[in-house]
1. List the relative contact order of region 37-78 as a percent without decimals, with contacts defined as Cα pairs under 8 Å and 6+ residues apart.
2. List the residues whose amide H sits under 5 Å from the amide H of Ile5, counting only those 5 or more places along or on another chain, with H placed 1.01 Å from N in the peptide plane.
3. Each residue of region 42-56 in turn: what ³J(HN,Hα) in whole Hz from Karplus with 6.51, -1.76, 1.60 and θ = phi - 60°, glycine and Pro shown as x?
4. Which angle between 0 and 90 degrees, to the nearest 10, do you get for helix 16-26 versus the longest principal axis of the chain when only C-alpha atoms count?
5. How large is ³J(HN,Hα) for each residue in region 66-71, as worked out from phi by the Karplus curve 6.51 cos²θ - 1.76 cosθ + 1.60 (θ = phi - 60°), to whole Hz, x for Gly and Pro?
6. Considering the values [x] 18, 14, 11; [y] 25, 11, 9; [z] 20, 13, 11, which represents semi-axes √(5λ) of the Cα gyration tensor in Å as calculated for the structure under consideration?
7. Multiply the residue gap between Leu43 and Glu16 by 0.36 nm, knock off their C-alpha separation, and tell me the result in nm, one decimal place.
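Derivation of every value follows stated rules applied to the coordinates shown; laboratory data play no part. Treat the numbers as computed from the prediction; the structure is a model and nothing was measured.
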Amino acid sequence: MTDEILLDMRNREPPEPLFATLDAVEELQPGQLIRLLIHREPLMLYPQLQQLGVPWKVESWGAPDWVIIIGPRPDGSG
């Protein structure tokens, strides 16, 4: 069973969503996912996730909110 962490960053101003999301990624436990809700596409986040080797997918985009699924970490590390 996958454990999901909801991270609601809607209407937060940059760079807070980026830093909060990266902090949450660092805390991911094996099998956990992050569901990121945000009001704009997190373009600065994607290269950071790629560098960390953490997968993501855009579940929904545009108005009113973007939903990004992040994780799980491929190596199972937190």
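1. Relative contact order here is 41 percent.
2. It is Leu33, Ile34, Arg35, by chain and number.
3. Whole-Hz 3J(HN,Hα) from phi for region 42-56: x, 4, 6, 6, 4, x, 5, 5, 4, 4, 7, x, 9, x, 8.
4. 10
5. Values, residue by residue: 8, 10, 10, 9, 10, x Hz.
6. Working out semi-axes √(5λ) of the Cα gyration tensor in Å from the coordinates points to [z].
7. 8.4 nm
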